[in-house]
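The values are calculated or read from the model by the stated rules, or taken from the named source; none is laboratory data. Everything numeric here is computed off the predicted structure, so don't read it as measured data. Neighbour counts are summed over all protein chains in view; Cβ atoms, including those assigned to glycine, are modelled from backbone coordinates with ideal geometry.
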Ligand SMILES: [Zn+2]
């Protein structure tokens, strides 16, 4: 998972505001750390072959889904130029678009890529959560394995759910 100086609570807000869809290609994106515990869960439940769900660097050979659809926060204006870390300058993106865009200018990137958006017959997804609920549930199961970063994420997600008057799956399961 790529390190970011943007506070966890800001990132969580932006992901949910953008409904876990990539700003550029509109593909649904997924919360990366979840896959670490999903891979562990498959092994713990008797899966003996490698499943390539997770790699810390989201490598295509070792974690192809994360390589493409792993969720990252992107800056509207490149951080190195005029960009800041306010919610308005941030949006959700897939790892593929984020890597391709690099520090390039947003409009130039959009032109180069000539995106063809996927459009569903019944509109855009309203309830996609990037698999966050699964991360919360798996985090509870593997609570003694959580890294400090994952604990920060968990806290930020739970606080977000609380602020929206939603029950976190973790609280519900107790
Ligand atoms: Zn994308």
Condition (residue is assigned to a strand (DSSP E or B), touching a helix residue (DSSP H, G or I) at 6+ places or on another chain (Cβ under 8 Å) and modelled with pLDDT of 90 or more) applied to region 57-66: is it met by at least one residue? no
Based on what the data block shows, is residue 72 within 24 Å of residue 106 (Cα to Cα), out of contact with any strand residue (DSSP E or B) (no Cβ under 9 Å at 6 or more places or on another chain) and either without any contact (Cβ under 8 Å) to a residue 40 or more places away in the chain or not in a loop (DSSP other than H, G, I, E, B) (or both)? no
Any idea which of (1) more than 16 Å from the ligand (Cβ to nearest atom); (2) farther than 20 Å from residue 30 by Cβ; (3) part of a helix (DSSP H, G or I); (4) touching a residue at least 24 places away in the same chain (Cβ under 8 Å) is the one residue 85 doesn't satisfy? (3)
Which members of region 1-51 meet the condition of being part of a loop (DSSP other than H, G, I, E, B), free of Cβ contacts under 8 Å to residues at least 40 places away in the same chain and crowded, with 18+ Cβ neighbours inside 10 Å? 32
Sole residue being exposed (fewer than 11 other Cβ atoms within 10 Å of the Cβ) and within 25 Å of residue 23 (Cβ to Cβ), chosen from 112, 88: 88
Does region 5-18 contain at least one residue that is within 12 Å of the ligand (Cβ to nearest atom) and modelled with pLDDT of 95 or more? yes
Would you check if residue 105 is away from the ligand (no atom under 14 Å from the Cβ) and surrounded by fewer than 19 Cβ atoms within 10 Å (Cβ to Cβ)? yes
Of everything in region 133-152, what is touching a helix residue (DSSP H, G or I) at 6+ places or on another chain (Cβ under 6 Å) and assigned to a helix (DSSP H, G or I)? Give them in sequence order. 133, 134, 135, 136, 137, 138, 139, 140, 150, 152
Criterion first (within 18 Å of the chain's Cα centre (by Cα), farther than 25 Å from residue 158 by Cβ, at pLDDT below 85 and surrounded by fewer than 20 Cβ atoms within 10 Å (Cβ to Cβ)) does residue 100 satisfy it? yes
Within region 93-132, count every residue that is touching a strand residue (DSSP E or B) at 6+ places or on another chain (Cβ under 8 Å) and assigned to a helix (DSSP H, G or I). 4
Taking residue 41 and the conditions (1) under 15 Å from the mean Cα position of the chain (by Cα); (2) under 18 Å from residue 66 (Cα atoms), which numbered condition does it fall short on, given that it satisfies the others? (1)
Looking at the structure I just gave you, is residue 27 touching a strand residue (DSSP E or B) at 6+ places or on another chain (Cβ under 9 Å) and away from the ligand (no atom under 16 Å from the Cβ)? no
